[in-house]
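Each reported figure results from applying straightforward, stated rules to the coordinates on display, with no laboratory input. Because the structure is a prediction, the values reported are computed rather than measured. Cβ: placed from backbone, ideal geometry, glycine included. Neighbour counts: every protein chain shown.
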């Protein structure tokens, strides 16, 4: 099993969710996060003072899938999250050693 964490633009979330649904992925965790990278943020003026906002709002989507589904899920995310501009985000892939569904105590693939 593999955990896929995708950091994407907030406005691309609905498109990514639809692509994941088409790919057969129905379980996911979505978090509102802030981050900084090559995008560098922007400068804002407030009451005559200048502020640099370098932690930009992003969405983090976490999914756990079977090993054989990784390429399909990554392709679905990229197809809808990519705009070609700086700040599109990143995808992190990590191994998962065990999963347990609390309600039924099912383990591994049965718990996903």
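In region 44-62, which residues are more than 30 Å from residue 21 (Cα to Cα) and either in contact (Cβ under 8 Å) with a residue 40 or more places away in the chain or under 26 Å from the mean Cα position of the chain (by Cα) (or both)? Give the derivation first.
Quick first cut of region 44-62, residues more than 30 Å from residue 21 (Cα to Cα) only: 44-54.
52, 53, 54, listed by residue number.
Restricting to region 78-112, give me the number of residues that are within 23 Å of residue 22 (Cα to Cα), without any contact (Cβ under 8 Å) to a residue 40 or more places away in the chain and either in contact with a strand residue (DSSP E or B) (Cβ under 8 Å, 6 or more places away or on another chain) or surrounded by 15 or more Cβ atoms within 10 Å (Cβ to Cβ) (or both).
Total meeting the criteria: 2.
Mind listing whichever residues of region 46-77 are surrounded by fewer than 16 Cβ atoms within 10 Å (Cβ to Cβ), in a strand (DSSP E or B) and touching a strand residue (DSSP E or B) at 6+ places or on another chain (Cβ under 9 Å)?
Hits for region 46-77 are 50, 51, 52, 53, 57, 62.
Find the residue count for region 9-32, including only residues that are in a loop (DSSP other than H, G, I, E, B), surrounded by 11 or more Cβ atoms within 10 Å (Cβ to Cβ) and over 10 Å from the mean Cα position of the chain (by Cα). I'd like the intermediate steps shown before the answer.
Filtering region 9-32 down to residues in a loop (DSSP other than H, G, I, E, B) leaves 9, 23-28.
Still in the running and surrounded by 11 or more Cβ atoms within 10 Å (Cβ to Cβ): 9, 23-25, 28.
Those still in the list that are over 10 Å from the mean Cα position of the chain (by Cα) too: 23-25.
Of the residues in region 9-32, 3 are in a loop (DSSP other than H, G, I, E, B), surrounded by 11 or more Cβ atoms within 10 Å (Cβ to Cβ) and over 10 Å from the mean Cα position of the chain (by Cα).
Taking the stated definitions as given, is residue 32 touching a strand residue (DSSP E or B) at 6+ places or on another chain (Cβ under 7 Å) and without any contact (Cβ under 8 Å) to a residue 12 or more places away in the chain? Before you say what the answer is, go through the steps one by one.
Details: touching a strand residue (DSSP E or B) at 6+ places or on another chain (Cβ under 7 Å): yes; without any contact (Cβ under 8 Å) to a residue 12 or more places away in the chain: no.
Spelling it out, it is not the case that residue 32 is touching a strand residue (DSSP E or B) at 6+ places or on another chain (Cβ under 7 Å) and without any contact (Cβ under 8 Å) to a residue 12 or more places away in the chain.
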